[in-house]
Amino acid sequence: MSDLTLISRNKMFNGHHERYRHFSESTQCEMTFAIYLPPQALQGYRVPVLYWLSGLTCTDENFAVKAGAQRFAAQWGIALVIPDTSPRGTQAADDESYDLGQGAGFYVNATEAPWAAHYRMYDYIAHELPALVEANFPVTDQRSIFGHSMGGHGALQIALKNPGRYAAVSAFAPIVNPSETPLGQKAFTAYLGGNPATWAQYDSTELVKHAEKKLPILIDQGDADDFYPEELQPEKFVAAARNQGFNVQFNMRKGYDHSYFFIASFIDVHIEFHADALGL
């Protein structure tokens, strides 16, 4: 682990929740991520990995503290990897608004100034981080991925763009059609420029229309979510995915909002979904 600096380690459900810092070749800055190693991994077994991508304004700590996921990861014998949502530090460009800049990387490879130098979160999540995790921890090359809101967008588009790399994908209240919603259009214009054809490369609803290799998909959406339906349009993605032959489970959850209270209420369902896809 010469490339990793341990920040903290806490025992949890007979496993370890650990945070690390490392220099990223993708983002050209120091990045932080967390990994939960279930008890099975501490007993000499290699375990599959479930990647979590968080939403706007989050770090790796929001999900780790609020979702209650470690209990179920320990039960199923799955490692959880929780990256940050953007580059950090004074060298990485930022913006005063909550939905652009640090904490709002949108899991794309930015092409526009001043973002292009560091905002290469797609490469970091899809390629660099898995290679780092698989080289340094007792895990297999079996992977699955899920996320929330902006992170749901990230999980869906990364899974769709990398057929065969993930056993399944799931999302809580995902931004599924960012090319057609205000938050997505703002971020994509800043990071990728004004060409909608470029945006489509990171738009899950567009990507799924042309996807050939199928994987299981689970989406949960609360009907009391303040971002629904203007920013979140899961029905559009579900229709496009089913039309392409995907097996999509879609649950509209009555009375639930956009918060981690919602995520914590159904995190067990999502982890069991991934455990099943991973053959556990």
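The values are calculated or read from the model by the stated rules, or taken from the named source; none is laboratory data. All figures in this text were calculated on a predicted structure; none of them were measured in a lab. Glycine gets a Cβ as well: all are built from the backbone with ideal geometry, and neighbour counts include every protein chain shown.
Of the residues that sit in region 24-48 and are of a type in the set (A, V, I, L, M) and in a helix (DSSP H, G or I), which one is nearest to the chain's Cα centre (by Cα)? Of everything passing the filter in region 24-48, A41 is nearest to the chain's Cα centre (by Cα). Across region 11-23, a minimum of one residue is classified as assigned to a loop (DSSP other than H, G, I, E, B) and hydrophobic (A, V, I, L, M, F, W, C). Considered as a group, the residues in region 175-203 that are in contact with a Ser or Thr (Cβ under 8 Å, 6 or more places away or on another chain) and among the hydrophobic types (A, V, I, L, M, F, W, C) include one that is surrounded by the fewest Cβ atoms within 10 Å (Cβ to Cβ), and that residue is A200.
Residues of region 188-229 being of a type outside the set (G, A, S), outside any loop (DSSP other than H, G, I, E, B), closer than 21 Å to V269 by Cβ and in contact with a His (Cβ under 9 Å, 6 or more places away or on another chain), which ones? Scanning region 188-229 gives L218, D220.
For every residue, the table says whether it meets (1) at pLDDT 95 or above; (2) among the aliphatic types (A, V, I, L, M); (3) buried (at least 21 other Cβ atoms within 10 Å of the Cβ); (4) in contact with a strand residue (DSSP E or B) (Cβ under 9 Å, 6 or more places away or on another chain).
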site: G15; (1), (2), (3), (4): yes, no, yes, yes
site: M31; (1), (2), (3), (4): yes, yes, yes, yes
site: L50; (1), (2), (3), (4): yes, yes, yes, yes
site: T59; (1), (2), (3), (4): yes, no, no, yes
site: F63; (1), (2), (3), (4): yes, no, yes, yes
site: L80; (1), (2), (3), (4): yes, yes, yes, yes
site: D84; (1), (2), (3), (4): yes, no, yes, yes
site: T90; (1), (2), (3), (4): no, no, no, no
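Contact map, region 25-42: first residue free of Cβ contacts under 8 Å to residues at least 60 places away in the same chain, second residue among the acidic types (D, E) and assigned to a strand (DSSP E or B), Cβ cut-off under 8 Å, separation 6 or more or different chains; pairs are A34/E18; Y36/E18.
Inspect region 230-250 for any residue being in contact (Cβ under 8 Å) with a residue 12 or more places away in the chain, under 17 Å from N177 (Cβ atoms) and in a strand (DSSP E or B) and give the result as yes or no. The answer is yes, given that some residue of region 230-250 is in contact (Cβ under 8 Å) with a residue 12 or more places away in the chain, under 17 Å from N177 (Cβ atoms) and in a strand (DSSP E or B). Just to be sure I understand, how many residues within region 49-95 are touching a residue at least 12 places away in the same chain (Cβ under 8 Å), in a loop (DSSP other than H, G, I, E, B) and closer than 14 Å to C29 by Cβ? Result for region 49-95: 9.
Yes or no, residue by residue, for (1) among the hydrophobic types (A, V, I, L, M, F, W, C); (2) surrounded by fewer than 22 Cβ atoms within 10 Å (Cβ to Cβ); (3) touching a residue at least 12 places away in the same chain (Cβ under 8 Å); (4) in contact with a helix residue (DSSP H, G or I) (Cβ under 9 Å, 6 or more places away or on another chain):
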position	(1), (2), (3), (4)
Q157	no, no, yes, yes
Y166	no, no, yes, yes
A173	yes, no, yes, yes
T205	no, no, yes, yes
K209	no, yes, yes, yes
E212	no, yes, yes, no
I219	yes, no, yes, yes
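For region 241-257, the tally of residues that are surrounded by 12 or more Cβ atoms within 10 Å (Cβ to Cβ) and under 20 Å from H274 (Cα atoms) stands at 10. The residues of region 92-114 that are among the hydroxyl-bearing types (S, T, Y), at pLDDT 95 or above and within 18 Å of P182 (Cα to Cα) amount to a single one, Y107.
Of note, A167 does not satisfy the criterion of being on the phi < 0 side of the Ramachandran plot and part of a helix (DSSP H, G or I).
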